[in-house]
Structures are given as C-alpha cells and as structure tokens.
1. I'd like the orientation of helix 3-24 relative to the chain: the angle between its Cα long axis and the longest Cα principal axis, in ° from 0 to 90, rounded to 10.
2. If you take Rg/Rh (Cα atoms, Kirkwood Rh) from the coordinates, which of [x] 0.95; [y] 1.04; [z] 1.11 do you get?
3. Report, to the nearest 10°, how far helix 30-46 tilts away from the longest principal axis of the Cα atoms in the chain, using its own Cα long axis and a range of 0 to 90°.
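Read-outs: derived from the displayed coordinates by stated rules, not from any lab. Being a predicted model, the structure only gives us computed values, none of them experimental.
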C-alpha cells in the first residue's frame, strides 16, 4: 500500500467512525468529521499532511 492510499483509508475510516459516534453518542462528534474534511482540503493546497508523515514513519512506500 502506498502512502496516498493509506491517507485515503485513514480519512475514510475517521469519517465513518465519527459519523457513527455523532449519531449514537453525541452530536459534537460531527466536529471531528468537519476537522478531517478541512484537513484534507488544506493538505491539497499546502501539501502538509500529518497523516502522511505518520504513515511514512510506519514504513509505507511513496
């Protein structure tokens, strides 16, 4: 798996988990969903992605 694929998997997982938590636990979890979306948008413009840095350290290929 490449880093770009790992970022997509991580973002999608976080979105789905936070949506479930927002529905069944507390609606404030939807702010986490928004955070993931904003982070994806800013990384498209700035090319700075903390998830990418973590996945590179875990040994994923570029």
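1. Helix 3-24 and the main axis of the chain meet at about 10 degrees.
2. Computing Rg/Rh (Cα atoms, Kirkwood Rh) and matching it to [x] 0.95; [y] 1.04; [z] 1.11 gives [y].
3. 30
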